[in-house]
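*Asks:* What follows is a single structure, and I will ask about it in a moment.
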Amino acid sequence: MASVVQSSWQFLITHFSEFQLACLGTFFLHEGVFFLSGLPCMMLERSRWLSKYKIQAKNNSPAAQKKCISGLMLYHFGVNLPVMIISYPLLKRMGMQISLPLPSWKIILTQIIFYFILEDFVFYWGHRILHTKWLYKNVHSVHHEYATPFGLTSEYAHPAEILFLGFATIIGPVLTGPHLMTLWTWMSLRVLETVEVHCGYHFPWSLSNFIPLYGGADFHDYHHRLLYTKSGNYSSTFTYMDWIFGTDTGYKNLKASKKAEAESSSHQKKQH
């Protein structure tokens, strides 16, 4: 397996320039991972399949889904791609590499863990700031047009928000100057995570059932369906920041209330 990865990477760096791989390669990899993971969420909603796992009963109309995709294409080509091109000199200056040998899995894993921790911290505060009155009304409300999120809505946002919260994703790689392979791995995992937490479904196999402090779709869905002043649950991937600052209290209370209702209902059924 390692030899296949090495030979594939050798092909890439032989046939494409560093600029092409770091900018265009990163952009098209992002598009592939995003739409291949996000479109199935949209099709699930349209087909009503697995609806028993859907968090909210409401479904988005085909017109609302189409509007989301149209906006995404505009934002991705009009904002994301230019930002990737502009960021290239900075990443290169900070030590980004594309050459062989590829970094070991230990280095990749260590850097990605650091990126997740740092991204959670920066994203949390950026997200809380976006929920102040003026910024919510003029910027963040675009993302919250979809009170019932589906996978693709994860990146449907005002261009200013894309830049603002995108900083949380890129700050880790900028500080460490990783190999492009690490950057691609980080970006792919981050895209898959944000699509998953916006998917609108909580499955028995959802990661939040197995990974401690992982927020998941149920945690973030609560954030979308409440008024901006009362939502809480501002975290990105892991929920430790909401726990530390008490901004998950409403969500915890709701979960506790639902659990008590379920236990009471079960107890009454046993008595009958």
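*Asks:* Tell me which of S141, T169, L213 sits at the most positive position along the dipole axis of segment 123-266, charges placed on C-beta atoms (Lys, Arg +1; Asp, Glu -1).
*Replies:* Result: S141, furthest along the dipole toward the positive end.
*Asks:* What ranking of T237, T176 comes out by heavy-atom accessible area, probe 1.4 Å, highest first? Before the final figure, lay out the partial values.
*Replies:* Values: T237 5, T176 50 Å².
Final ranking, largest accessible area leading: T176, T237.
*Asks:* Could you report the chain's accessible area per residue, 1.4 Å probe, as an integer in Å²?
*Replies:* 53 Å²
*Asks:* Right, something else. Scan the chain and note any complete DSSP helix (H) whose C-alpha atoms cover at least 18 Å along its axis and whose Kyte-Doolittle average is 1.6 or more.
*Replies:* Both cut-offs are met by 159-176.
*Asks:* Quick one: dipole size for the chain, taken about the Cα centre, charges +1 on Lys/Arg Cβ and -1 on Asp/Glu Cβ, in debye to the nearest 20.
*Replies:* It works out to roughly 740 debye.
*Asks:* Over all directions, what mean area does the Cα convex hull of the chain project, stated in square nanometres?
*Replies:* So the mean shadow area of the Cα hull is 16.8 nm².
The values are calculated or read from the model by the stated rules, or taken from the named source; none is laboratory data. What you see is a predicted model; the values in this text were computed from it and never measured. We place every Cβ from the backbone using ideal geometry, glycine too, and count neighbours over all the protein chains shown. Just the protein is used for accessible areas: all its heavy atoms, side chains included, with ligands, DNA and RNA removed. Shrake-Rupley method; radii C 1.70, N 1.55, O 1.52, S 1.80 Å.
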